[in-house]
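See below for the structure under consideration.
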Amino acid sequence: MRTLLISFISLLLLFGTIDLSAEVSGDVYVAGVSKYLWRGQNLFDGFALQPGADLNIGSISLGFWGSYGVDPCNLNEADITVSYAVPISAVMEMSLGYTFYTFPEPVYGDSHEAFAGLSFACFLSPGITFYYDFDDGDGLYTQMSASYPFVLGLKFSLDGSLGFNAGQWGYDSSLTVFGLDLSASIPIGPVEITPSLFGQLSLDDQYESNGFVSLSILYNF
């Protein structure tokens with residue numbers, strides 16, 4: 001009941017702030033990943049399909065994301081996210097949002113997370129986001145990020161991230177991993193194909209150095 005109430009209130013707040021004259025855009029996509037790594041944790045050590053979709057109405061976004069493990073076959077996770085982007089200045093933007101995590105094949109129960117972040121439209125596009133899980137995850141996770149785009153025939157992006165876990169999902173407070181993701185963008189009309197290679201370096205004994213490869217196909221509308 002609490003889950004339904006929180007989701008219902010979130011949707012009311014979302015639709016109550018939508019400007020019906022705002023620009024509407026979105027995308028649908030699916031990615032194949034060799035394993036599912038998240039915030040330093042290895043959540044599925046095998047090939048998984050990860051579909052998703054986003055709907056953007058002005059500064060408001062509503063998104064769905066899921067992960068389906070292929071062997072053994074099961075839907076590991078299905079999440080819904082609502083977020084709102086607030087421009088602070090010509091180079092700074094704040095984002096606020098909420099994610100409802102569901103685990104159809106549960107190791108944990110469903111959970112709820114609020115987040116707030118700052119991003120900067122300058123060299124390396126630095127950003128920082130604070131994620132507070134106020135349910136089963138019960139803790140704060142902070143992630144810093146940066147991105148370096150470059151062109152070598154195709155458009156590439158080298159994205160870095162650094163995480164700090166303050167007790168979320170039962171982990172001791174510590175730095176988690178330093179991650180690097182190298183991806184290429186191959187546009188074909190409204191479709192974008194993105195192969196990528198991700199690696200993470202463990203910064204605490206609770207986590208392990210690891211990596212995966214992925215290939216995603218996205219359709220913009």
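Roughly speaking, what is the stretch gain from S157 to D138, that is 0.36 nm per residue apart minus the C-alpha to C-alpha distance, in nm to one decimal? Write out the running numbers ahead of the final one.
Working: separation 19, 0.36 × 19 = 6.84 nm, distance 3.31 nm.
Extra length available between S157 and D138 comes to 3.5 nm.
I'd like the FRET efficiency for S202 and S59, computed as 1/(1 + (r/R0)^6) with the beta carbon distance as r and R0 of 41 Å, rounded to 0.05. Intermediate results must be reported in sequence, preceding the final value.
On the way: r = 37 Å, r/R0 = 0.90.
With a Förster radius of 41 Å, E is 0.65.
Would you mind working out the magnitude of the charge dipole of the chain relative to its Cα centre, with +1 at each Lys and Arg C-beta and -1 at each Asp and Glu C-beta, to the nearest 20 Debye? All intermediate terms of the calculation are to be shown ahead of the outcome.
Values: 4 positive and 23 negative charges, 100 e Å.
Once rounded to the nearest 20, the dipole reads 480 debye.
Could you work out how far apart the two model spin labels at V91 and V191 are, taking each label as a point 7 Å from the Cα in the direction of the beta carbon, and quote it in nm?
4.0 nm
With Rg/Rh (Cα atoms, Kirkwood Rh) defined as stated, name the option among [x] 0.94; [y] 1.00; [z] 1.13 computed from the structure displayed.
[x]
I want to check the label-to-label distance for F123 and L49. Put each point 7 Å from Cα in the C-beta direction and report it in nm to one decimal.
4.4 nm
Answer with one residue from G170, Q206, L158: the one whose Cα lies farthest towards the positive end of the charge dipole of the chain, charges on Cβ with Lys, Arg +1 and Asp, Glu -1.
L158
222 nm [θ] for the chain, helices only, -39500 (n - 2.57) per DSSP H run of 4+, per residue, to 500?
Taking each H run of at least 4 residues, the total per residue is -2000 deg cm²/dmol.
I'd like the distance between the alpha-carbon centres of segment 22-58 and segment 184-221, rounded to an integer number of Å.
Here the answer is 10 Å between Cα centres.
For segment 2-220, with the dipole built from +1 on Lys and Arg beta-carbon atoms and -1 on Asp and Glu ones, taken about the Cα centre, which of L43, G66, P195 lies farthest toward the positive end?
P195
Here, each number is a calculation from the coordinates, and none is a lab measurement. Computed from a prediction, not measured in an experiment: that's the story for all the values here. Ideal geometry is used to build each Cβ from the backbone, glycine not excepted, and the neighbour counts take in all protein chains shown.
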